[in-house]
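Just so you know, all these numbers are worked out from the coordinates, no wet-lab data involved. For clarity, every value in this text was computed on a predicted model and none was experimentally measured. Glycine gets a Cβ as well: all are built from the backbone with ideal geometry, and neighbour counts include every protein chain shown.
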Amino acid sequence: MRTDSLNLSQEAIGQIREVIVQLYGQAGLAEEPRIYRTKSKNAQEAHEAIRPTAASVVPADIESKLESDQFRLYSLIWKRTVACQMAPAIFDTVAVEMLAGADGPKRTVLRANGSTLVTPGYISVYQEGMDDVVQDDSDHVLPPMKEGDQVRLTGVVPTQHFTEPPPRFSEASLVKALEEYGIGRPSTYASIISTLRDRQYVDIESRRFTATDIGKIVSRFLTQYFTTYVDYDFTAKMEDSLDAVANGEQEWVPLLDKFWKPFIKLVNHTETSVSREEVAQARDLGKDPASGKPMSVRMGRFGPFVQIGTKDDEDKPRFAGLRPGQKMDAITHAEAIELFKLPRKLGLTAAGEEITANVGRFGPYVKFGAKYVSLKTDDPYEITHERALEVIREKEIADANRLILDFPDAGIQVLNGRYGPYITDKSRNAKIPKDRDPKSVTLEECQSLLAAAPVRTFGKWGRKNGAAKKQAAPKGRSGTVKGPAAPAPIALAAKVVHASASKQEPAKAAAAKPKKPAAKPRTGKIKAKKSSAKKKP
């Protein structure tokens with residue numbers, strides 16, 4: 001069941017009020033049944049609010065029959081449901097002045113503002129979390145006191161307060177903000193959050209969203225060049241328009257035409273007028289002390305990196321990727337210089353092969369001769385020669401255990417793989433029959449099995465696919481074919497939108513039915529002043 005309704009049936013309210021009287025007495029019950037209404041215009045209220053099927057089933061009675069998470073969830077639902085029909089909590093707002101020291105010019109007046117609880121009301125059942133609330137001096141709950149009481153000083157704790165920025169969004173506070181702006185629906189909130197994570201626009205730190213470098217760049221790019229379409233009102237109004245289409249109040253073709261024409265015009269303009277440097281949002285860091293060339297940090301295809309030089313220089317620019325935890329908008333000139341210490345020469349192996357540590361496309365590694373070893377836990381900037389030799393030995397042992405048979409003249413090997421032994425010639429992989437001992441297969445059998453095996457593929461960015469595309473490209477043409485430079489992330493996104501949009505343009509040729517949108521120790525005397533205040537659940 002999916003709902004964001006706050007409505008409770010009369011039967012449920014009556015049962016809840018009976019339970020409150022039984023457990024907390026008549027004083028804990030609200031004078032009249034409370035009716036809550038949803039503020040979100042996109043709320044889906046086909047069902048009741050989420051509540052216990054029977055309020056008489058107290059969480060403590062079924063704790064032994066539930067798992068820990070199930071019990072916590074049921075307790076939360078039960079407490080919030082019961083609390084909504086309870087009396088408000090009543091506090092006395094109190095200002096306390098404490099006179100410290102003997103009478104005379106050295107006497108000190110200490111003042112405390114706070115409140116004292118008079119009637120607990122719904123607080124005896126549930127008190128909502130205070131994750132996003134900034135407390136001030138008036139938030140303190142003080143013990144009951146009266147004028148003339150003697151108070152013993154137990155300690156003095158100096159504190160300093162600073163103005164804090166608004167807290168970062170958590171999943172719950174983000175959903176609440178989306179509801180307030182009328183963006184999305186309960187069925188789309190999960191996909192919005194998963195998209196932020198899957199595209200690495202945000203990191204989760206202490207259960208809060210923190211924007212990544214790519215997230216900041218995408219946000220700045222869209223805000224600068226697609227201002228209309230990332231405006232809060234645009235999304236909310238589009239939701240209303242789609243609802244009108246679903247209700248038969250508006251035609252869908254004029255709606256799409258009104259959206260599409262200015263949008264594709266803006267996409268085409270941005271694609272031709274915005275450079276890769278503008279998309280990458282490069283930040284100048286200063287000059288390289290060794291070469292005197294400019295240093296900048298920017299976003300690339302595989303993440304943020306520091307560049308020494310420019311594409312217009314005679315020499316090829318030098319690149320170094322940022323280390324984990326470093327941010328484009330925070331990295332300093334000194335930190336950027338450190339990145340170019342790689343590759344580091346660590347020494348030689350017993351066979352005289354040079355050992356170097358570096359960071360590549362797939363992460364940090366150690367290279368010896370023509371072989372590579374990935375570094376799982378070691379830092380390439382700090383790894384020692386001795387540690388590198390240990391990593392190499394571990395690699396050699398693993399490779400030795402992996403090799404079962406080798407036919408070097410034919411370029412065929414029998415290896416231990418992740419899913420068992422197999423035969424390979426680097427272009428094809430073939431399984432070994434279960435009834436055969438991998439050590440006993442002959443060269444002829446290997447060749448026969450490989451001939452029947454499919455050619456290996458290397459994925460989207462693999463060498464084989466890339467080579468095949470390059471060979472196919474010049475068909476029907478003469479001259480040299482040169483592949484285009486990899487577009488920046490945002491430019492690539494714009495191209496994809498443009499390409500998919502073009503397929504939708506000839507609506508007259510095929511009038512497809514539109515998809516229906518989702519349904520919606522010193523003593524002193526005390527002087528106290530009191531005033532009563534009520535806090536409702």
> Going by average Cβ neighbours within 10 Å, how do the peptides 147-157, 275-285, 435-445 rank, with the highest at the top?
Replying inline: 275-285, 435-445, 147-157
> Expressed as a whole percent, how much of the Cα-Cα distance distribution for the range 10-83 exceeds 21 Å?
Replying inline: 36
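Starting from the coordinates of the alpha-carbon atoms of the range 366-460, obtain the Kirkwood hydrodynamic radius over all distinct pairs and give the value in Å to one decimal.
The Cα-based Kirkwood calculation yields 15.4 Å.
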>> Let me check I have the definition right: for the range 171-276, take the eigenvalues of the Cα gyration tensor, multiply each by 5, take square roots. What are those semi-axes in whole Å, largest first?
In response: 26, 23, 10
> Can you run phi through the Karplus equation (6.51, -1.76, 1.60; θ = phi - 60°) for the range 322-334 and list ³J(HN,Hα) in whole Hz, with x for Gly and Pro?
Replying inline: 5, 7, x, x, 7, 10, 4, 7, 10, 5, 9, 4, 5
